[in-house]
Amino acid sequence: MIEDVDEVVFACCCEFVYSGDYYVPSPTSNLLGSDTGQPRTEEVSSQPKLGRWGPRNLIRNIFHPMTLPRIYGYLLEKLDQAPRAEAAENSATDHRYSYANVFMCHAEINRFANNADWTSLRVLSLHRLIQSLEHFELSKDRTREIIGLLQFCFEDKGQIEDLQTVLRDYVVWNVEVMMQDTDFSKLLDRVPSLQKAVFRSMWN
């Protein structure tokens with residue numbers, strides 16, 4: 001019933017059985033620079049965290065400051081224990097590291113838990129994915145870390161609605177930054193369901 005379980009995902013699931021939580025792999029180094037081989041510029045610090053089009057009006061968005069605490073509260077009610085303190089994923093603010101593998105680990109665990117009907121692990125992995133995305137300082141040179149996650153959630157087999165909802169809201173909340181990446185625009189063209197979900201949510 002459940003095939004192609006990644007070794008890291010399996011280890012995290014085993015750890016969850018014994019401890020009620022799990023550790024994810026460490027983020028990978030970005031010291032060699034961006035994909036273009038060019039050094040990072042001051043745009044990292046100057047890029048606004050919120051788009052000028054005003055996402056703060058999106059009260060229903062998961063990442064809205066008024067909504068996020070309610071989402072966390074709802075998920076925590078379904079857990080036997082709160083996630084460990086260090087589960088903020090080191091705040092995901094250090095631009096010297098890529099957090100793509102951290103995001104993907106949570107997403108793969110969530111899909112595995114969903115397929116296995118493992119509610120507690122599904123809820124925990126969703127909580128931790130949202131938490132790591134919340135603390136992730138998105139800028140133009142880091143969008144590729146999100147695009148890989150979008151491809152997993154919207155293009156791969158075994159798509160999970162909860163993951164798609166989280167990623168849709170994250171993209172809408174950061175749409176001005178994401179639209180600067182041509183690979184994101186290509187992904188929207190390639191996946192009409194993602195394009196439709198994003199643009200509908202922008203005006204709800």
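Residues Arg111, Arg122: which one is over 14 Å from the mean Cα position of the chain (by Cα), under 15 Å from Gln164 (Cβ atoms) and part of a helix (DSSP H, G or I)?
Working: Arg111 fails: over 14 Å from the mean Cα position of the chain (by Cα).
Answer to the selection: Arg122.
Would you please name the residue that is farthest from Leu150 (Cα to Cα), looking only at residues in the stretch 92-108 that are hydroxyl-bearing (Ser, Thr, Tyr) and within 15 Å of the chain's Cα centre (by Cα)?
Pass one, the stretch 92-108, residues hydroxyl-bearing (Ser, Thr, Tyr): 93, 97-99.
Pick out the ones that are also within 15 Å of the chain's Cα centre (by Cα) and you get 93, 98-99.
Working: Thr93: 20, Ser98: 16, Tyr99: 14 Å.
Top of the filtered list is Thr93.
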**Study point:** Near pairs, Cβ below 8 angstrom, 6+ apart or cross-chain, from the stretch 122-139 (farther than 11 Å from Asn174 by Cβ) to any residue that is aromatic (Phe, Trp, Tyr) and in a helix (DSSP H, G or I)
**Key:** Leu124/Phe16; His127/Tyr72; Leu129/Phe103; Ile130/Tyr72; Gln131/Tyr72; Ser132/Phe103
Check your understanding: Out of the residues in the stretch 144-178 that are aromatic (Phe, Trp, Tyr) and under 23 Å from Pro65 (Cβ atoms), which is modelled with the highest pLDDT?
Key -> Tyr170
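Among residues belonging to the stretch 192-204 that are free of Cβ contacts under 8 Å to residues at least 40 places away in the same chain and aliphatic (A, V, I, L, M), point out the one that is surrounded by the fewest Cβ atoms within 10 Å (Cβ to Cβ).
The initial filter retains those residues of the stretch 192-204 that are free of Cβ contacts under 8 Å to residues at least 40 places away in the same chain, namely 192-193, 195-200, 203.
Then drop every residue that is not aliphatic (A, V, I, L, M), which leaves 197-198.
Details: Ala197: 19, Val198: 21.
Selected residue: Ala197.
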Practice item. Among residues belonging to the stretch 153-183 that are crowded, with 21+ Cβ neighbours inside 10 Å and farther than 19 Å from Ser125 by Cβ, point out the one that is nearest to the chain's Cα centre (by Cα). Key: Val171
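The values are calculated or read from the model by the stated rules, or taken from the named source; none is laboratory data. Quick caveat: nothing in here was measured; it's all calculated off a predicted structure. Cβ sites come from the backbone with ideal geometry, for glycine too, and all protein chains shown count toward neighbours.
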